[in-house]
Every structure is written in C-alpha cells, then in structure tokens.
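Since the structure comes first, as structure tokens, the remarks are kept for the end.
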Amino acid sequence: MRDAKRLEAIRKLPCVRCGWDAPSEAAHSNFSEHGKGRGIKADDQFTIPLCRLCHAWFDGYVYLTREQSKEWFAAMLEKTERMLKIDTNSDSVF
C-alpha cells in the first residue's frame, strides 16, 4: 500500500541510524513479510528515515546477517514510529 503522506513525514526526519539531519530517504523494508518482492517495494508503513549512506548500508546488508538486519529494522521501525508521534504532537519540525 502506498502512503504519500507517511513518506513525506519520514523524509523530514533525521536519519534513524546516524542522526544526520533531514532530508532523509524513506527506506523500505527488504523483507517479504512486509510485502517486499522482486521489483516490488514493501508497504509504505514499513519505512524508516535513512540518509543516503545509511540507506546503502542497510540495503547492502553490510556487517549484518539477514536475521540481524531484520532485528535492526524492527527496532528502527519502532523508533521511527515514536519520532513520528513526537513530531505530529509538537509544532517543531525536525
């Protein structure tokens, strides 16, 4: 499912891995349980904000096994949801 509003909000957040200030890229999950398939992006609800370098790190499974990458992504998705909630409850913009 595509959600342009969520993707726009994600791109305004700092990188969830290194903290580099916005704009970030909306990095989609690389896992089939989130709708990822050959040539098909995962559902937009499974996106996190990553800078260009961290996005390449995540997509390339650099230093992480596939299982470690899944665990890391799940933790960063939870963090992203908290960041989005804070941002929508305040007048400040990241």
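The values are calculated or read from the model by the stated rules, or taken from the named source; none is laboratory data. Treat the numbers as computed from the prediction; the structure is a model and nothing was measured. Heads up, the Cβs are rebuilt from the backbone with ideal geometry, glycines too, and the neighbour counts pull from every protein chain shown.
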* To do: Determine whether segment 14-25 contains at least one residue that is small (Gly, Ala, Ser), at pLDDT below 90, within 12 Å of the chain's Cα centre (by Cα) and not in a helix (DSSP H, G or I).
  => no
* To do: Only residues that are small (Gly, Ala, Ser) and touching a residue at least 24 places away in the same chain (Cβ under 8 Å): list them for segment 45-76, please.
  => SER69
* Structure fact -> Within segment 59-88, restricting to residues that are of a type in the set (S, T, N, Q) and not in a loop (DSSP other than H, G, I, E, B), the one that is surrounded by the most Cβ atoms within 10 Å (Cβ to Cβ) is THR80
* Only residues that are part of a loop (DSSP other than H, G, I, E, B) and either in contact with a Gly (Cβ under 7 Å, 6 or more places away or on another chain) or modelled with pLDDT of 75 or more (or both): list them for segment 26-37, please. => SER29, ASN30, PHE31
